[in-house]
Structures are given as C-alpha cells and as structure tokens.
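J.: Before I ask anything, here is the structure I am working with.
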Amino acid sequence: MIDQFGRRVEYLRVSVTDKCNLRCIYCMPLEGLTWLKRDELLNYEEIETIVRTMAGMGLRRVRITGGEPLIRRDLPDLIRKISAIPEIEDLSLSTNAVLLADQAQDLRDAGIQRLNISLDSLQQDRVDEIARRPGSFPKIFEGLEAAERVGFAPIKVNVVLIRGRNDDEIEDFARITKERPWHVRFIEMMPTGSNLDLSANSFISCQEALTRVRAIDQLEPVDGPFGNGPADYYRFPDAPGTVGVITPMSHNYCHRCNRMRLTAAGQLRPCLFGEIETNLRDHLRAGRDLRPLIEETLQIKPERHYLVQGSEIGSGGLVALSQTGG
Ligand code: SAM
Ligand code: SF4
C-alpha cells in the first residue's frame, strides 16, 4: 500500500474499545464522553475480515489499542484470529497494564509479541493524580512484572511529558534503562478537544528532556528495538535499555508515517488527526468489497498533521485520543 506521497503503509493500529479504566488527564475527560453501543462496535470476526483484507494489500504489522484494550472481553480470541493471518509478521499491544498481571500469559500464548506500557510516573501519588483512578499503581507494577516474567521483550514504556507533574522524573525514567531492558519513550503531549489548556501550558519538548538525560551520562543515537516507529532512540554506554523520544509537536515525522488506524466503530483513519475517515463497518455489514474503499482512503492520507498548540485546529474534532487509539 503506497500513498500519493510515496509512503509505504504496512502498519494498522486497531482500537478494540473506546472505553478505559483510567482517565489520564491528557487523554480522556472525566465526564462527557458518550460510549459506543455494542452494535456500533466491530466484533472480532469483522476486525479479522478487515485485517485479512488489508493483509492481502500489503499490511504486515498490527497493534491492538484502545481505550484500554484489556477491558474488552475475550481479547485473546481476537489475537488468535489475527496471528493466524500469514502475512501479519508483527502483532503488538498497547496497554495501561492495570489488568495485565492476569492476562499477560494468555496474551502471549495467543500471539502478542510485543507490549507498549503507558506509565507516566514512578510515584504512586502522581499516578493517582494523572490517571485519576486511585489504586491503579500497584496493579500497573504487577502487570509490568508479569510482562517480564512471561517473556515479553522488548517492553516499551511510554511516558507523556507533563510539566509540573512528571518532568522532575525524566532522569529517573532514563536511569532505569541502565538497569533494565526497558525502552523508555518520552512523548510530547498532543492537543485534543479535552486537553487544550493542559497541552498548551504543561507542554515539554523532547529536546528539553534529552538535554536533561544527556547531563546524566553519554548518550549515543542507536537503532530502535524492532517495531521502530516514530521514535528516535539513544543509549547510555552498555545499558540494556534505551531512551526514545516521540516528537509529534516539535518535529513531526509525518513524512515517514507508515500507518493507518481502525477505530473501535470501524472507521478507517489514514491519519490520527483530521477529519478523514471511511466507514468500513457499514460497507462490511452490507457485504461490499472493502478493497476499493481501503485503497481510496490510503490515497487521501494527508501529507502531515496540522495540529496547533492550544487550539482545536487540525484535530478534526477529536475530543480524546482514546477515541481513535492514539
Ligand atoms: N490505554 C492504552 C495505553 O494507555 O497505553 C492504549 C491507548 S492510549 C490512547 C495510547 C497512547 O496514547 C498512550 O501511550 C498514551 O499515553 C498516549 N496518549 C494519549 N493521549 C495523548 C496525548 N494527548 N498526547 C500524547 N500522547 C497521548
Ligand atoms: Fe486510558 Fe490509555 Fe487514555 Fe490513559 S492514555 S485514559 S490509559 S486510553
């Protein structure tokens, strides 16, 4: 699948739910979101059909996301269906890890190869304040331990930078990579309809984070772990892990974007932001061939995102990243 700007698209992020068991301050508002109804959600057979169709067109990698994917019932059933598609070489999952301890082994057995875990602080009271579901912190760490125990590697830990909330932990997160084979990735906060003030006032660039990490020790640019997406990676001398930065705001990497997104309601989005989406669900339910629609959507993949800090411009009316899968 090659778009009009010559970008090869071989990666699909599949959101399996718009709901979440956390309410991260930069992602979801505490109230006011309306949830998809059951019949609006793609079922697992429908997701499988879409992934299979796209696999026949060149799709090679799939990431399961949400909302929080682990709250969707019988998720391993979907994982098994996708891992049985021969063209899919890489199947991964993004999670907040709250429910991971109980599910890690089943997910691995079903075919998940790699995990991204979101963790914005190493301190319990801060996780409580950022994720707004007190009591989650110990469960997240049990989840991380279970992930390591059942053999997930590499584990990528995603940290959204929030000035005044976790910026004094940049060094602590970076130092972990000297001890553990974690790939800690700092992410610049992106504006959505529900976080405009926060994303404007508490924004930290990854350049600032890197400057502080460099003050700890030498830092060499390195190739990323498998699954290298938009992040740039660095390593301390002899460290088992790496420090990565994802800079959607300060340096967008749209020119090398290799992905599309499938929302839980079956909308195919060629870009995380903007208004372009194609309703695959209704066409699928009407028995139509999806391939021309997928090809058309690929060909209108925008050249770049047009996000502007402190503004809804470019977000295409997106209220929360949980709605499209981040
Ligand atoms: N619930 C799962 C999780 O938290 O990993 C998967 C979905 S979440 C929407 C996917 C990723 O998007 C997470 O790493 C989260 O930190 C990130 N994210 C959410 N809102 C964001 C924002 N406004 N700016 C930057 N990253 C954001
Ligand atoms: Fe939920 Fe993930 Fe959004 Fe946090 S970032 S509210 S865990 S979907």
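J.: Nearest 5 percent is fine: what portion of the DSSP beta bridges confined to the chain is antiparallel?
T.: On the way: 11 of 43 bridges.
Within the chain, antiparallel bridges account for around 25 percent of the total.
J.: Right, next: Can you tell me the relative contact order of the stretch 196-302? Whole percent, Cα pairs under 8 Å, sequence separation 6 or more.
T.: Reported as a whole number, the value is 14 percent.
J.: For the stretch 1-126, what is the percent of antiparallel DSSP beta bridges, rounded to the nearest 5?
T.: Beta bridges within the stretch 1-126, antiparallel portion: roughly 5 percent.
J.: Something else now. Give me the lysines in straight-line cross-link reach of K37: C-alpha distance below 19 Å, same-chain residues under 8 apart excluded.
T.: K37 reaches K19.
J.: Counting other Cβ atoms within 10 Å, which GluC sites (Glu not before Pro) in the stretch 25-86 have at most 10 and lie in a DSSP loop?
T.: E31
J.: Ok, one more. Please report, as a whole percent, how much of the solvent-accessible surface of the chain comes from carbon and sulfur atoms (probe radius 1.4 Å).
T.: On the way: 6280 of 13630 Å².
Roughly 46 percent of what the probe reaches on the chain is carbon or sulfur.
J.: How much accessible area per residue does the stretch 11-323 have, in Å², with a 1.4 Å probe? Don't skip to the end; give the middle numbers.
T.: Numbers: 13020 Å² over 313 residues.
I get 42 Å² per residue for this part.
J.: Using helices alone, what [θ] at 222 nm do you get for the chain, with -39,500 (n - 2.57) per DSSP H run of 4 or more residues, divided over all residues and rounded to the nearest 500?
T.: -8500 deg cm²/dmol
J.: Another question, then. Can you give the local net charge around D217? Use residues other than it whose beta-carbon is closer than 15 angstrom to its beta-carbon, Lys and Arg +1, Asp and Glu -1.
T.: 0
J.: Next up: Which trypsin sites (Lys or Arg not before Pro) from the stretch 128-196 combine a DSSP loop assignment with at most 14 other Cβ atoms within 10 Å?
T.: Those that pass, being in a loop and sparsely packed, are R132, R163.
J.: Only sites in a loop by DSSP and with at most 11 other Cβ atoms within 10 Å count here; which trypsin sites (Lys or Arg not before Pro) in the stretch 253-299 make the cut?
T.: Answer by residue number: there is no such site.
J.: Rg and Dmax of the chain over Cα atoms: what are they, in angstrom?
T.: Rg, Dmax (Cα atoms, Å): 18.8, 59.
The values are calculated or read from the model by the stated rules, or taken from the named source; none is laboratory data. Everything quoted here is computed from the prediction, not taken from an experiment. Virtual Cβ from ideal backbone geometry, glycine too; neighbours counted across all protein chains shown. Ligands, DNA and RNA are excluded from the accessible area calculation, which covers all protein heavy atoms including side chains. Shrake-Rupley method; radii C 1.70, N 1.55, O 1.52, S 1.80 Å.
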